[in-house]
Amino acid sequence: MTDNTPKVIAVSSGKGGVGKTNFVVNLATYISTLKKKVLIIDADLGLANIDVLFGIAPKFNLRHVLLGQKRLMEIIINGPNGIMILPASSGVRELTNLNNFQKIQMLSEINSFELSVDVILIDTGAGISDNVLFFCGSAQETIVIVTSEPTSLADAYALIKILSKDFGKDRFRVLVNMTRSEKEAFSTFRKLAIVADKFLNLSIDYLGYLPYEQHVKDAIIAQKSFISLYPNSPFAKKLYGLGEKILEMKPNDSEGGLQFFFKKALRVG
């Protein structure tokens with residue numbers, strides 16, 4: 001992996017409340033400790049909260065870019081450990097579903113990016129909105145976060161189904177979050193994998209799991225990443241292993257980074 005070909009990874013979920021954004025924040029924190037440059041794109045455009053979890057109050061966000069008031073490079077803010085963040089807005093209804101012009105405008109900005117990064121993490125919204133499908137369909141890799149709740153599995157299946165059928169995605173990495181044991185995590189994954197294989201003829205990949213951790217709420221309240229507060233916890237140790245695994249993932253396409261994102265997104269947009 002070179003500075004010119006960053007990994008572009010979308011992190012999504014079928015439903016909210018499964019720990020997706022918390023995972024992105026902690027994954028970015030871990031990758032940054034390895035002296036790699038990380039950019040988080042907060043793609044939950046209507047209910048953004050990456051900045052909240054980091055305790056940052058950005059003056060400008062993606063809304064200003066889409067209004068033509070700022071360039072993408074002008075709104076990047078620096079978070080802890082040198083993590084770069086492209087903040088989105090919260091409570092702005094018109095951004096919950098980008099129109100084609102806005103998508104092309106954003107892609108043009110991304111294509112002209114002059115920033116050297118190793119990993120780009122796209123924190124999408126939850127569900128199957130146009131914005132979620134757009135960003136997941138455009139990334140090199142899609143990580144889907146699930147929990148053992150039946151509603152989480154059902155909604156994750158719906159997301160995978162649409163991305164597979166309508167957007168041509170053929171590889172998904174599934175992470176089971178907030179689980180009580182490794183056995184429960186793999187059982188949860190198998191339920192989703194069996195259905196995907198039977199009805200979609202699709203083989204999904206088991207990325208791993210993160211254990212339930214009651215102190216995650218403490219980190220959220222403190223507006224810090226969990227692993228920075230509890231670096232030796234079982235959660236942190238599992239996340240370190242997941243981070244290494246993610247960094248070793250090989251792109252499913254011969255092209256890499258932002259060029260891949262731009263070309264692919266034009267097809268799915």
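The values are calculated or read from the model by the stated rules, or taken from the named source; none is laboratory data. Remember, predicted model here, so these are calculated numbers, not experimental data. Ideal geometry is used to build each Cβ from the backbone, glycine not excepted, and the neighbour counts take in all protein chains shown.
Things worth noting here:
- Each residue in the range 146-173 was checked for being outside any helix (DSSP H, G or I) and farther than 15 Å from Ala193 by Cβ, and 4 pass.
- Residue, farthest from Ala156 (Cα to Cα), within the range 196-218, restricted to residues that are in contact (Cβ under 8 Å) with a residue 24 or more places away in the chain and small (Gly, Ala, Ser): Gly208
- Test: residue in the range 129-142 that is more than 17 Å from the chain's Cα centre (by Cα) and polar (S, T, N, Q): no
- Here Glu182, Glu213 are screened, and the one residue that is of a type in the set (Asp, Glu) and either farther than 22 Å from Ala28 by Cα or under 18 Å from the mean Cα position of the chain (by Cα) (or both) is Glu182.
- Just one of the listed residues (Ser152, Ser148) is out of contact with any helix residue (DSSP H, G or I) (no Cβ under 8 Å at 6 or more places or on another chain) and of a type in the set (Ser, Thr, Tyr), and it is Ser152.
- Those residues of the range 212-252 which are under 19 Å from Ser148 (Cβ atoms), modelled with pLDDT of 95 or more and surrounded by 14 or more Cβ atoms within 10 Å (Cβ to Cβ), in sequence order: Tyr212, Glu213, Phe235, Lys238, Leu239, Leu242
- Candidate set from the range 145-154 (those that are touching a Lys or Arg at 6+ places or on another chain (Cβ under 7 Å) and crowded, with 18+ Cβ neighbours inside 10 Å); member that is nearest to Ala48 (Cα to Cα): Ile145
- Subset of the range 166-190 [at pLDDT 95 or above and loosely packed, with under 15 Cβ neighbours inside 10 Å]: Arg180, Ser181, Glu182, Lys183, Ser187, Arg190
- Complete set of residues in the range 61-76 that are β-branched (Val, Ile, Thr) and more than 12 Å from Lys103 (Cα to Cα): Ile75, Ile76
- Only listed residue being aromatic (Phe, Trp, Tyr), touching a Ser or Thr at 6+ places or on another chain (Cβ under 9 Å) and surrounded by 17 or more Cβ atoms within 10 Å (Cβ to Cβ), chosen from Tyr209, Tyr157: Tyr209
- Elements of type helices (runs of 4 or more DSSP H) contained in the range 1-73, each with 2 or more residues being at pLDDT 90 or above and surrounded by 17 or more Cβ atoms within 10 Å (Cβ to Cβ): 20-33, 50-53
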